[in-house]
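Got a structure for you, questions after.
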Amino acid sequence: MKRVKVEIAPGVETEFVDRDRALVQVVEWAERGTRFPVVIFGPEGCGKTAFLRQAVSGLRELGYAVFYLHPLDKVFSAEVDDPDVKTLFADLVRKTLEDERWGRLALAVFDLTREILKKRRRKIAVIADDVFQAIGLDKAAAYVKGLLNTIEHPVYDYENIVVLVAASEGVSRREIGRHFWAELRPMWNMPREGFQQLYDKMPEPKPPFEDVWRWTGGNPRMLGRLYSSGWAVGRVAEDVIREKGLTAGFVRRWGRWLEAAVGDPEVLWSGDAPEELARELEARNLIVYNMYDRRPSFWIDQPPPERSPELGIGKNVAWQSPIHREAVRRALREV
Ligand SMILES: Nc1ncnc2c1ncn2[C@@H]1O[C@H](COP(=O)(O)OP(=O)(O)OP(=O)(O)O)[C@@H](O)[C@H]1O
Ligand SMILES: [Mg+2]
């Protein structure tokens, strides 16, 4: 599979690195089709968007017509051979960009797939990145149901269909998870060897790999941010404190439990931990909650370790990256 180009930090372009198992999974989907929409979730910046972009290119290589939607970035493409479907799609995109009704385009995918299948039976893929934020969380489940209908009850027959959706927040995961309309699949930060390949591509000078691994836990966005900050971990953590709204009030309110969770996130799983705190941390994308299953078949790419106190990973609960944890640790120190 040809590797796509990605930008790890402003001015630092590389090719899509590693994720070998995930790419094998793409080939398997391409061969069999996805029986349910596959909804991918995982830590912010772990590489969901990069992976979906790589999947678009790979599926194209494997003979798929591909619709790709990434409303937040205002990127849309119809990688199809039919000029009229392409024109239809381009018109829709133009209109959408004019009045910023992203949801309309997301919904138009249902008509477009029908349109393209009307002409001939073929292999078709819908790749939707962060659409739930664009159409509204309240419509997320209905949207997934629509995608499932496209798979289960197509108006025109298809040869194979692959539907992949990425969602960044734990909240949408819960919303989708309440129904049996999708296959929810987690993706973790990059595994150590793969992450080292990415580290090797960063310009010198840079700190030793061991340090960067310990700080980022393999999260490629954190790698990019560290690089851009001149490898000032403290500064990146301070930025995360502000981005996550870790105000003195919040930190004081949950002080004791937060301290404990910085030591071991798994305490948030135990019976007497306040559920509200776990929800708050999940909503702020600081932790991933409920990730017990480490069977490789459940994960996109490689599962994280069962437990890693160093990286802040527990069996059921994990910090999204060590820098997320570090931000909380510093916020606690500041009050
Ligand atoms: N396998 C990879 N090889 C090279 N660069 C990567 C890889 N995965 C991710 N990156 C880079 O890391 C950064 C973060 O990745 P990406 O935007 O895909 O994360 P994400 O999971 O989609 O985040 P969010 O949850 O915020 O949407 C990007 O700059 C991306 O280009
Ligand atoms: Mg993304």
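Of all residues in the range 47-81, how many are over 24 Å from ASN189 (Cβ atoms), of a type in the set (Asp, Glu) and out of contact with any helix residue (DSSP H, G or I) (no Cβ under 6 Å at 6 or more places or on another chain)?
2
When the range 285-312 is examined, which residues are found to be buried (at least 20 other Cβ atoms within 10 Å of the Cβ) and under 18 Å from the mean Cα position of the chain (by Cα)? Before the answer, list the steps.
Of the range 285-312, the ones buried (at least 20 other Cβ atoms within 10 Å of the Cβ) are 286-288, 291, 299-302, 304, 311-312.
Of everything in the range 285-312, those that are buried (at least 20 other Cβ atoms within 10 Å of the Cβ) and under 18 Å from the mean Cα position of the chain (by Cα) turn out to be LEU286, ILE287, VAL288, MET291, TRP299, ILE300, ASP301, GLN302, PRO304.
Kindly indicate which of ALA134, ALA166 is farther than 16 Å from THR34 by Cβ and within 16 Å of ligand 2 (Cβ to nearest atom).
Among ALA134, ALA166, only ALA134 is farther than 16 Å from THR34 by Cβ and within 16 Å of ligand 2 (Cβ to nearest atom).
Among the listed residues ALA125, ALA78, ALA141, ALA55, identify the single one that is in contact (Cβ under 8 Å) with a residue 24 or more places away in the chain and within 16 Å of ligand 1 (Cβ to nearest atom).
ALA55
In addition: Which numbered condition in (1) buried (at least 17 other Cβ atoms within 10 Å of the Cβ); (2) out of contact with any Pro (no Cβ under 8 Å at 6 or more places or on another chain) is the only one that ARG120 fails?
(1)
Which residues, taken from the range 170-204, are farther than 15 Å from LEU223 by Cα and in contact with a strand residue (DSSP E or B) (Cβ under 8 Å, 6 or more places away or on another chain)?
Answer for the range 170-204, where residues must be farther than 15 Å from LEU223 by Cα and in contact with a strand residue (DSSP E or B) (Cβ under 8 Å, 6 or more places away or on another chain): GLY170, SER172, ARG173, ILE176, GLY177, ALA182, GLU183, LEU184, ARG185, PRO186, MET187.
On to the next question. Quick one: is PHE41 more than 19 Å from VAL6 (Cα to Cα) and within 16 Å of ligand 1 (Cβ to nearest atom)? So that I can check it myself, show each step before the final result.
On the way: more than 19 Å from VAL6 (Cα to Cα): yes; within 16 Å of ligand 1 (Cβ to nearest atom): yes.
Considered against the rule, which asks whether it is more than 19 Å from VAL6 (Cα to Cα) and within 16 Å of ligand 1 (Cβ to nearest atom), PHE41 comes out as yes.
Could you list, in sequence order, the residues of the range 241-250 that are assigned to a loop (DSSP other than H, G, I, E, B) and either under 21 Å from the mean Cα position of the chain (by Cα) or among the polar types (S, T, N, Q) (or both)? Break it down stepwise before answering.
So the first thing to find is which residues in the range 241-250 are assigned to a loop (DSSP other than H, G, I, E, B), and the list is 244-247.
Hits for the range 241-250 are LYS244, THR247.
Name every residue in the range 236-254 that is touching a helix residue (DSSP H, G or I) at 6+ places or on another chain (Cβ under 8 Å) and small (Gly, Ala, Ser), in order of residue number.
Within the range 236-254, ALA237, ALA248 qualify.
Okay, residues lined up against (1) at pLDDT 90 or above; (2) among the aromatic types (Phe, Trp, Tyr); (3) farther than 16 Å from GLU159 by Cα:
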residue: LEU69; (1), (2), (3): yes, no, yes
residue: SER77; (1), (2), (3): yes, no, yes
residue: VAL85; (1), (2), (3): no, no, yes
residue: PHE89; (1), (2), (3): no, yes, yes
residue: LEU97; (1), (2), (3): no, no, yes
residue: LEU117; (1), (2), (3): yes, no, no
residue: ARG120; (1), (2), (3): no, no, no
residue: ALA125; (1), (2), (3): yes, no, no
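Also, quick follow-up: Please work out if ALA50 is surrounded by fewer than 24 Cβ atoms within 10 Å (Cβ to Cβ), within 11 Å of ligand 1 (Cβ to nearest atom) and of a type in the set (Gly, Ala, Ser).
Values: surrounded by fewer than 24 Cβ atoms within 10 Å (Cβ to Cβ): yes; within 11 Å of ligand 1 (Cβ to nearest atom): yes; of a type in the set (Gly, Ala, Ser): yes.
Here the answer is yes, as ALA50 does meet what is asked.
Considering the range 223-240 alone, what residues qualify as being surrounded by fewer than 19 Cβ atoms within 10 Å (Cβ to Cβ) and either under 21 Å from the mean Cα position of the chain (by Cα) or assigned to a helix (DSSP H, G or I) (or both)? Please lay out each step first, then the result.
Here is the first cut: in the range 223-240, the ones surrounded by fewer than 19 Cβ atoms within 10 Å (Cβ to Cβ) are 228-232, 234-235, 238-239.
If the condition is that a residue be surrounded by fewer than 19 Cβ atoms within 10 Å (Cβ to Cβ) and either under 21 Å from the mean Cα position of the chain (by Cα) or assigned to a helix (DSSP H, G or I) (or both), then SER228, GLY234, ARG235, GLU238, ASP239 are the ones that fit.
Still on this model: How many residues are open to solvent by 70 Å² or more (accessible area, probe 1.4 Å), away from ligand 2 (no atom under 16 Å from the Cβ) and outside any loop (DSSP other than H, G, I, E, B) if we restrict to the range 197-222? Explain how you work it out, then say what you get.
Pass one, the range 197-222, residues open to solvent by 70 Å² or more (accessible area, probe 1.4 Å): 197, 200-201, 204-205, 208, 210, 214, 221.
After this cut, where a residue has to be away from ligand 2 (no atom under 16 Å from the Cβ) as well, the list is 197, 200-201, 204-205, 208, 210, 214.
Among the residues that remain, those that are also outside any loop (DSSP other than H, G, I, E, B) are: 197, 200, 210, 214.
Qualifying residue count, the range 197-222: 4.
Here is a follow-up. Quick one: would you say PHE110 is open to solvent by 30 Å² or more (accessible area, probe 1.4 Å), in a loop (DSSP other than H, G, I, E, B) and among the hydrophobic types (A, V, I, L, M, F, W, C)?
Working: open to solvent by 30 Å² or more (accessible area, probe 1.4 Å): yes; in a loop (DSSP other than H, G, I, E, B): no; among the hydrophobic types (A, V, I, L, M, F, W, C): yes.
It is false that PHE110 is open to solvent by 30 Å² or more (accessible area, probe 1.4 Å), in a loop (DSSP other than H, G, I, E, B) and among the hydrophobic types (A, V, I, L, M, F, W, C).
Another question, if that's okay. Somewhere in the range 281-302, is a residue touching a residue at least 24 places away in the same chain (Cβ under 8 Å), at positive phi and of a type in the set (S, T, N, Q)?
Within the range 281-302 (the criterion being touching a residue at least 24 places away in the same chain (Cβ under 8 Å), at positive phi and of a type in the set (S, T, N, Q)), the answer is yes, since at least one residue qualifies.
Right, something else. Would you be able to tell me the number of residues in the range 37-58 that are assigned to a helix (DSSP H, G or I) and within 10 Å of ligand 2 (Cβ to nearest atom)? Break it down stepwise before answering.
Our first condition is that a residue be assigned to a helix (DSSP H, G or I); within the range 37-58, this holds for 48-58.
Adding the requirement that they be within 10 Å of ligand 2 (Cβ to nearest atom) leaves 48-53.
Count: 6.
Something else: Would you confirm, using the coordinates I've provided, whether THR34 is surrounded by fewer than 22 Cβ atoms within 10 Å (Cβ to Cβ) and part of a loop (DSSP other than H, G, I, E, B)?
Numbers: surrounded by fewer than 22 Cβ atoms within 10 Å (Cβ to Cβ): yes; part of a loop (DSSP other than H, G, I, E, B): yes.
For THR34, the condition - surrounded by fewer than 22 Cβ atoms within 10 Å (Cβ to Cβ) and part of a loop (DSSP other than H, G, I, E, B) - is met.
Open to solvent by 70 Å² or more (accessible area, probe 1.4 Å) and within 16 Å of ligand 2 (Cβ to nearest atom), is that true of ASP73? Before you say what the answer is, go through the steps one by one.
On the way: open to solvent by 70 Å² or more (accessible area, probe 1.4 Å): yes; within 16 Å of ligand 2 (Cβ to nearest atom): yes.
Answer is yes for this residue.
The values are calculated or read from the model by the stated rules, or taken from the named source; none is laboratory data. Keep in mind the model is a prediction, meaning the values are calculated, not measured. Note that each Cβ is placed from the backbone with ideal geometry, even for glycine, and that neighbours are counted across all protein chains shown. All accessible areas refer to the heavy atoms of the entire protein, side chains included, with ligands and DNA or RNA removed. Shrake-Rupley method; radii C 1.70, N 1.55, O 1.52, S 1.80 Å.
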